[in-house]
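Visitor: For reference, the structure I am asking about is given below.
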Amino acid sequence: MDVPKIAESDREQREQYIKDRFPCIADCDMCGLCAAFHGKTAELAYQEYIRGEKEFMQVSEELRQ
């Protein structure tokens with residue numbers, strides 16, 4: 001699935017995309033997503049995208065810093 005652009009999606013679609021793309025498997029030692037998101041869930045880490053404030057790639061680049 002392509003990343004939903006803010007102008008072409010609603011909040012629910014963007015939130016579902018994040019949940020589908022970064023599912024929590026409840027095994028932090030195996031997964032590592034929480035560490036990649038600096039101790040946050042994917043939904044919290046991508047909150048600005050979900051709210052329509054920043055595009056997905058913009059938030060992703062900021063998380064890499």
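The values are calculated or read from the model by the stated rules, or taken from the named source; none is laboratory data. None of the values given here were measured: they were computed from a predicted structure. Heads up, the Cβs are rebuilt from the backbone with ideal geometry, glycines too, and the neighbour counts pull from every protein chain shown. Accessible surface is based on the protein model in full, side chains and every heavy atom, while ligands, DNA and RNA are left aside. Shrake-Rupley method; radii C 1.70, N 1.55, O 1.52, S 1.80 Å.
Visitor: Provide the packing ranking of 24-30, 57-63, i.e. peptides ordered by the mean count of other C-beta atoms within 10 Å per residue, highest first. Don't skip to the end; give the middle numbers.
Guide: On the way: 24-30: 8.4, 57-63: 12.7.
Top of the packing list down: 57-63, 24-30.
Visitor: Report, to the nearest whole %, how much of the accessible area of the chain belongs to carbon and sulfur atoms, 1.4 Å probe, protein only.
Guide: Working: 2310 of 4660 Å².
Accessible surface attributable to carbon and sulfur in the chain totals 50 percent.
Visitor: Assuming 0.36 nm per residue, please report the length gained on full extension of the stretch GLN13 to LYS40 beyond their Cα-Cα distance.
Guide: 7.7 nm
Visitor: Leaving ligands, DNA and RNA out of it, rank LYS54, LYS19 by accessible area with a 1.4 Å probe, largest first.
Guide: Working: LYS54 45, LYS19 85 Å².
My answer, sorted largest first, is LYS19, LYS54.
Visitor: Write down the accessible area per residue of segment 8-65 in Å², having rolled a 1.4 Å probe over the full set of protein chains.
Guide: Working: 4020 Å² over 58 residues.
Per-residue accessible area for segment 8-65 comes out at 69 Å².
Visitor: Based on alpha-carbon centroids, what's the gap between segment 40-65 and segment 1-29 in Å, whole number please?
Guide: 10 Å
Visitor: Using +1 on the beta carbon of Lys and Arg, -1 on that of Asp and Glu, and nothing else charged, what's the dipole of the chain about the Cα centre, debye to 20? If you can, show how the numbers build up before the last one.
Guide: Values: 9 positive and 14 negative charges, 18 e Å.
Dipole of the chain, to the nearest 20 debye: 80 debye.
Visitor: Which of (1) 1.05; (2) 1.02; (3) 0.97 is the computed Rg/Rh (Cα atoms, Kirkwood Rh) for the structure on display?
Guide: From the options (1) 1.05; (2) 1.02; (3) 0.97, the structure gives (3).
Visitor: Report the extension gain between CYS28 and GLN58 in nm, rounded to one decimal, defined as 0.36 nm multiplied by the number of residues separating them, less their alpha carbon distance. Numbers along the way, then the final one.
Guide: Numbers: separation 30, 0.36 × 30 = 10.80 nm, distance 2.51 nm.
Between CYS28 and GLN58, full extension yields an extra 8.3 nm.
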